[in-house]
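Comments concern the structure below.
The values are calculated or read from the model by the stated rules, or taken from the named source; none is laboratory data. Values in this document were obtained by computation on a predicted structure and should not be read as measured data. For neighbour counting, all protein chains shown are included, and Cβ atoms are generated from backbone atoms with ideal geometry for every residue, glycine included.
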């Protein structure tokens with residue numbers, strides 16, 4: 001929240017730690033922002049946080065994308081459960097029923 | 001007051017012209033400045049210095065300095081408006097979906113007119129009454145802000161702002177995402193949907209109000225403006241036009257007149273030496289002042305408030321440093337002098353801040369132009385950018401908080417109606433007769 005003054009090293013470590021912990025609340029995008037924000041830092045601790053953040057982001061996105069792919073392709077087969085899970089049911093015939 | 005300034009400027013210029021010797025110039029100017037500094041307040045000095053810069057010595061330098069800052073305000077405004085044009089055109093303009101059914105873009109947010117239960121509804125508003133209602137809401141929230149600020153509850157202001165931004169981001173991004181899903185005939189499950197929206201909003205709040213990569217937070221401001229403009233575009237057209245005109249008048253009143261709430265807010269912030277916690281967009285975001293101990297002295301532009309929350313530009317005080325830095329080049333006519341370089345660097349580091357409400361109402365005007373032909377879109381775009389450049393020019397000359405809305409909106413509206421009424425007919429004629437082929 002400080003608009004123009006750059007952060008000191010200690011402040012950066014604190015910010016990185018808080019962002020890393022907050023990313024565990026199902027926020028992979030926050031991990032990605034953390035990794036980008038401290039990408040060019042030379043500090044060891046910050047580099048560790050950056051690596052952990054990249055790792056967490058890729059793992060989480062991998063799982064999320066797999067789940068989305070599974071859902072979008074198999075929704076037809078699931079019948080009522082698929083309809084209950086979905087937000088928007090697209091138009092058109094499904095390949096499964098017909 | 002402007003006449004006085006011009007006279008003093010002319011006197012100063014004449015005195016400088018008469019003297020040949022550089023030392024004599026410096027001495028005389030120092031004497032003059034000392035005499036005049038005692039009598040004249042800072043506004044006149046700043047005005048004279050900018051005028052002096054513009055006319056006398058460094059016109060190309062001035063234009064060079066201004067263009068860098070101009071670029072970094074014009075680019076995000078252009079990006080916002082282009083995004084809004086694409087968004088509105090693909091989703092809400094009548095046409096066909098990807099599966100052949102006609103687009104129904106207006107089904108996500110109920111407008112005020114539905115009487116589902118046939119009960120007596122006290123909230124039946126006309127179109128223009130709705131516009132008046134929105135402006136009234138904005139006025140009321142500014143006054144609440146002012147009262148809260150005077151009572152020194154800065155934390156409450158900040159938390160209220162954060163909460164309302166969070167709610168708006170959640171709700172409007174979810175609504176727009178649903179519209180996109182329906183238009184492009186996609187399916188998604190609740191889990192992924194909630195994950196995406198939740199991620200988007202929470203990270204948006206964190207980067208805007210806390211630390212985060214600067215371009216991501218500016219990007220969120222742009223996306224936020226696009227979302228809000230596309231939501232406001234769902235209101236009836238008459239409401240939108242009247243809202244735009246009323247908002248520009250309200251902006252002039254709020255910023256320039258002494259009773260205006262925004263001006264009073266600025267004065268309060270200056271007196272209390274506090275920063276106003278608002279959503280603003282500032283250019284030159286990547287430059288940090290490493291050489292100087294002095295703060296960046298930002299130049300501000302005022303903006304107006306939105307329905308439920310306020311996004312205002314900060315107007316900090318013009319400190320002594322800025323005054324000194326600008327007064328100094330009068331005494332040194334050598335461009336290669338180091339002090340001049342310092343002035344140039346500070347001048348180029350001082351940032352122009354443009355408030356978020358400006359973005360939103362420019363985008364609203366663009367979305368209104370999208371409902372007509374492509375020609376109106378381009379021409380309104382040009383009109384808004386022209387108005388913005390003119391406002392920035394005035395900002396540099398007058399060096400105080402200025403309303404960013406009225407000139408752009410008036411120019412945009414004039415260009416839109418001229419195009420709609422006159423130029424479109426011309427376009428149809430030459431399209432039919434194939435003159436240009």
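Those helices (runs of 4 or more DSSP H) of the range B:350-437 in which at least 3 residues are surrounded by 14 or more Cβ atoms within 10 Å (Cβ to Cβ), considering only elements entirely within it, cover B:356-370, B:374-398, B:405-418.
There is at least one residue in the range B:211-222 that is crowded, with 18+ Cβ neighbours inside 10 Å, closer than 20 Å to residue A:32 by Cα and more than 14 Å from every other protein chain (Cβ to nearest Cβ).
Close Cβ contacts (under 8 Å, 6 or more residues apart or on different chains) running from residues in the range A:87-98 that are more than 13 Å from every other protein chain (Cβ to nearest Cβ) and more than 13 Å from residue B:186 (Cα to Cα) to residues that are at pLDDT 75 or above and assigned to a loop (DSSP other than H, G, I, E, B) are absent. Considering (1) more than 9 Å from every other protein chain (Cβ to nearest Cβ); (2) buried (at least 19 other Cβ atoms within 10 Å of the Cβ); (3) farther than 17 Å from residue B:91 by Cα, the lone condition that residue B:189 does not fulfil carries the number (1). Looking across B:245, B:231, one residue alone is at pLDDT below 90 and assigned to a helix (DSSP H, G or I). It is B:231.
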